[in-house]
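Asks: So that we are looking at the same thing, I have put the structure below in structure tokens.
Derivation of every value follows stated rules applied to the coordinates shown; laboratory data play no part. Values in this document were obtained by computation on a predicted structure and should not be read as measured data. Counting neighbours? That spans all protein chains shown, and the Cβs are built from the backbone with ideal geometry, glycine included.
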Amino acid sequence: MNRSRGYLIRLLIILCVLVGTWQIAEGGYIKAKAWLAQQLLQSAWDTTLTGGERTYPWPWADTWPVARLRVKRLGIDQIVLSGASGRNLAFGPGHIAGTAAPGESGNVVLSGHRDTHFRFLRDLQPGDWIELTPANGRSLIYAVIRREVHSQDDVWLLNQDASRLTLITCYPFDALIPGGRERFVIRAEPVRPIAQAAKADIYM
């Protein structure tokens with residue numbers, strides 16, 4: 001009996017180690033994939049800025065860069081993709097279809113994963129400035145006004161009632177199971193085009 005119990009305990013320990021190793025490896029793979037994708041997207045973005053339309057970052061891609069998102073204070077510099085499907089969000093933040101396109105008047109809504117590209121949302125504070133550059137190269141500056149937690153059913157967050165930038169990710173940030181019903185939301189309002197603002201003011 002004792003021998004069987006000891007064998008069972010050893011088996012459980014081995015199983016826990018294997019599961020833990022698998023989880024760590026999977027997490028590392030996801031982060032490495034996200035990082036590599038951003039390097040390829042940066043190259044496609046550079047081409048887009050020179051006049052290329054729908055520049056695909058790799059031959060089999062069904063999405064393309066539509067904007068560049070930067071937060072100087074946090075060292076954030078990311079390429080935003082067209083569409084916010086689960087497949088797209090594995091490579092970078094995505095623009096939600098049906099909301100204002102980056103650079104246009106209206107509510108520009110972007111989504112990203114809480115454990116990769118949009119993890120920085122938890123560190124944004126009211127007053128922080130976000131730079132969003134659309135494909136025409138004319139950067140816009142948005143100031144964070146609110147940090148909120150909403151239900152995934154709050155589709156009114158996509159309403160086009162005013163010009164703003166809305167960033168959405170899953171919540172809580174350290175949840176063990178992804179895809180919960182809560183969303184962490186950053187609401188930011190436009191300040192002015194970057195060309196009209198002093199560089200010292202923007203990168204404070």
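Asks: Given a Förster distance of 30 Å, report the FRET efficiency between Glu148 and Trp35 from their Cβ-Cβ distance, rounded to the nearest 0.05. Intermediate values should be presented prior to the final figure.
Replies: Working: r = 29 Å, r/R0 = 0.96.
Result of the calculation: an efficiency of 0.55.
Asks: Also: For the range 46-204, compute Rh as the Kirkwood radius over C-alpha pairs and then the Stokes-Einstein diffusion coefficient at 20 °C and 1.002 mPa s; write the answer in µm²/s, rounded to an integer.
Replies: 135
Asks: Counting alpha carbon pairs within less than 8 Å and at least 6 residues apart, what relative contact order, in whole percent, applies to the range 74-156? Mind dumping the intermediate values first?
Replies: Values: 111 pairs, mean separation 16.2, N = 83.
Reported relative contact order: 20 percent.
Asks: What is the fewest-to-most order of His113, His95 by other Cβ atoms lying within 10 Å of their Cβ?
Replies: So the residues, fewest neighbours to most, are His113, His95.
Asks: What translational diffusion coefficient, in µm²/s and rounded to a whole number, does the Stokes-Einstein relation yield for the range 140-189 at 4 °C and a viscosity of 1.567 mPa s, taking the hydrodynamic radius as the Kirkwood radius over Cα pairs?
Replies: For the chosen part, D equals 111 µm²/s.
Asks: If Lys and Arg each add +1 and Asp and Glu each add -1, what is the summed charge of the other residues whose beta carbon sits under 14 Å from the beta carbon of Arg187?
Replies: With Lys, Arg at +1 and Asp, Glu at -1, the neighbours total -1.
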